[in-house]
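Every number in this text was worked out from the coordinates using simple rules, so none of it is lab data. Remember, it's a predicted structure, so these values are computed and weren't measured experimentally. Heads up, the Cβs are rebuilt from the backbone with ideal geometry, glycines too, and the neighbour counts pull from every protein chain shown.
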Amino acid sequence: MITYQLSKPVEHGGHTYQNLSFRAPETGDLIAAEQFKGQISQTVAMLAMMSDVPLPAFKRVPLRELYQIMELTKDFLGNALATTGD
């Protein structure tokens, strides 16, 4: 498990998300992520599922922090999304 602390909490649906904990992805996560068009959309969907954070909340993560999260979780993701997308 990998944990990332957001610089500013994200709020959505009455919940506040400050720390995001990412589990290793499962096959079902990849299948669900493929519903989205584009590599970034699929990656964000995958990260939201891996952290059990609703996608609308995860979309509020600042972009600079998304890139940090992607770097932190790259060993989890590996090439999982390299074969998907446009």
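Some observations on this one:
- Rounded tilt (10° steps) of 63-72 against the dominant C-alpha axis of the chain: 60
- Mean projected area of the convex hull spanned by the Cα atoms of the chain, taken over all viewing directions: 5.2 nm².
- Value at 222 nm in deg cm²/dmol, rounded to 500, when DSSP H runs of n ≥ 4 in the chain each add -39,500 (n - 2.57): -11500 deg cm²/dmol
- Highest to lowest packing among 11-22, 50-61, scored as the average C-beta count within 10 Å: 50-61, 11-22
- For region 2-77, the dipole from Cβ point charges (+1 on Lys and Arg, -1 on Asp and Glu) about the Cα centre works out to 260 debye, to the nearest 20.
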